[in-house]
Amino acid sequence: MAFLRALVPILRDLLSTLVFVGLFWISGDIFLAAALGIALGISQTLWMRLAKRPIGALQWISLFLVTVFGMTTIVTRNPHFIMVKPTLVWLCVGGMMLRRDWMAPYLPPVVTENLEDRHIVRAGYAWAALMFALAVMNLLVAFMASPRFWSVYALVGPAVAQIALLAALYFKFRKQIRARTASAAPAAS
């Protein structure tokens, strides 16, 4: 159950990508999909604002990028602008993930109370490395493949990579916590 709860932020982040890819595949029009992607980004932000939910820096950056690159795509009629946008998002996210302590607020107390800081910091750096790798891969696919192929990659590639890293870290942390609590149990007796 905790693993599924950890997936929620990733799935929420993928909503606009799912809608964009779905619209692009249904209509075959990347410009229409970009326009509706902009509308969705603005709508999500307004809904969060009205619901008095906090809007993080990354969400503001993402909204700015989707609006600027989506509008540039529409105005210039060049799909590469919207296709490059995820590269910039991954670079921004990766840069923010280079902070030593970025992961701590996202972890449940059982993790922060039972794992040494160095394990959490290394996991944070693993996430940063993944974001930089996703940035490079997106750029390569954006310029070496068709917009249709890129749209599938943009939906599937990063999602699979993030879920794989999340699962690997989840099970690694779980194993480390179980080993620590098992070794502490006989000492408490």
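Here, each number is a calculation from the coordinates, and none is a lab measurement. Since the structure is predicted, the reported quantities are computational estimates derived from the model, not experimental observations. Glycine also receives a Cβ, built like all others from the backbone with ideal geometry; neighbour counts cover every protein chain displayed.
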Please work out whether the stretch 39-111 counts as rounded, prolate or oblate from its C-alpha gyration tensor, where a ≥ b ≥ c are the square roots of the eigenvalues and a/c under 1.5 means rounded, while otherwise a/b larger than b/c means prolate and anything else oblate? oblate
Residue-averaged [θ]222 nm for the chain, counting only DSSP H segments that reach four residues, each worth -39500 (n - 2.57): -29500 deg cm²/dmol
Estimated vicinal HN-Hα couplings, Hz - the stretch 87-93 in sequence order (Karplus 6.51, -1.76, 1.60; Gly, Pro = x): 4, 5, 4, 4, 5, 4, 5
Alpha-carbon Rg with Dmax, taken over the chain, Å: 19.1, 71
Could you calculate the contour length gain from R49 to R178, that is, 0.36 nm times the residue separation minus the distance between their Cα atoms, to one decimal place in nm? 42.4 nm
Sort L32, L155 so that the residue with the fewest other Cβ atoms within 10 Å of its own Cβ comes first and the one with the most comes last. L32, L155
When the Kirkwood hydrodynamic radius is evaluated over all pairs of different C-alpha atoms of the stretch 54-165, what value in angstrom, to one decimal, is obtained? 15.4 Å
Placing each pseudo-label 7 Å from Cα in the direction of the beta carbon, A167 and R122 end up separated by a distance in nanometres of 2.2 nm
Where Rh is the Kirkwood radius over the Cα pairs of the stretch 120-189, the temperature 20 °C and the viscosity 1.002 mPa s, what D in µm²/s does Stokes-Einstein return? 148 µm²/s
Roughly speaking, what is the stretch gain from V110 to M144, that is 0.36 nm per residue apart minus the C-alpha to C-alpha distance, in nm to one decimal? 7.8 nm
